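Worksheet for the structure shown next.
The values are calculated or read from the model by the stated rules, or taken from the named source; none is laboratory data. Here the structure is a predicted model, which is why all the values come from computation and not from measurement. No Cβ is skipped: glycine too gets one built from the backbone with ideal geometry, and neighbour counts run over all protein chains shown. For the accessible areas, the whole protein counts, side chains as well, though only heavy atoms, and no ligand, DNA or RNA atoms are used. Shrake-Rupley method; radii C 1.70, N 1.55, O 1.52, S 1.80 Å.
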Amino acid sequence: PGIYVCAKCGHELFSSRSKYEHSSPWPAFTETIHEDSVAKRLERPGALKVSCGKCGNGLGHEFLNDGPKRGQSRF
């Protein structure tokens with residue numbers, strides 16, 4: 001339990017309250033902890049490239065409409 005932060009700069013990214021089990025081997029979250037926690041850019045339809053909102057460190061992707069509930073995204 002707690003806050004997940006950027007490994008490079010310590011910026012707050014996700015809360016364990018938004019973490020859920022997913023079939024991928026990576027941690028999955030439904031939302032960021034702050035509106036400016038991450039920066040996003042379109043990589044392909046249905047997937048955004050995600051980086052730290054403070055230092056730009058690469059974090060992976062946001063998969064649109066792939067969360068645990070209909071209409072939710074998965075980080």
Close pairs from the stretch 38-54: first within 16 Å of Leu13 (Cα to Cα), partner among the polar types (S, T, N, Q) and modelled with pLDDT of 95 or more, Cβ under 7 Å, at least 6 apart: Val38/Thr32; Val38/Ser51; Ala39/Ser51; Ser51/Asn57; Gly53/Ser37
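Find the strands (runs of 3 or more DSSP E) located wholly in the stretch 1-46 whose residues include 1 or more that are on the phi > 0 side of the Ramachandran plot and surrounded by 12 or more Cβ atoms within 10 Å (Cβ to Cβ), and list them. Steps first, answer last, please.
Working: elements: 3-5, 12-15, 38-44.
Output list is empty.
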The stretch 55-75 residues that are over 14 Å from Ser18 (Cβ atoms), paired with ones that are open to solvent by 50 Å² or more (accessible area, probe 1.4 Å) and among the acidic types (Asp, Glu) (beta carbon under 7 Å, 6 or more apart): His61/Glu43
Residue ID - most open to solvent (accessible area, probe 1.4 Å), chosen from residues in the stretch 47-75 that are part of a strand (DSSP E or B) and of a type in the set (Lys, Arg): Lys49
Near pairs, Cβ below 7 angstrom, 6+ apart or cross-chain, from the stretch 1-18 (of a type in the set (Phe, Trp, Tyr)) to any residue that is open to solvent by 50 Å² or more (accessible area, probe 1.4 Å) and outside any helix (DSSP H, G or I): Phe14/Tyr4; Phe14/Ile33
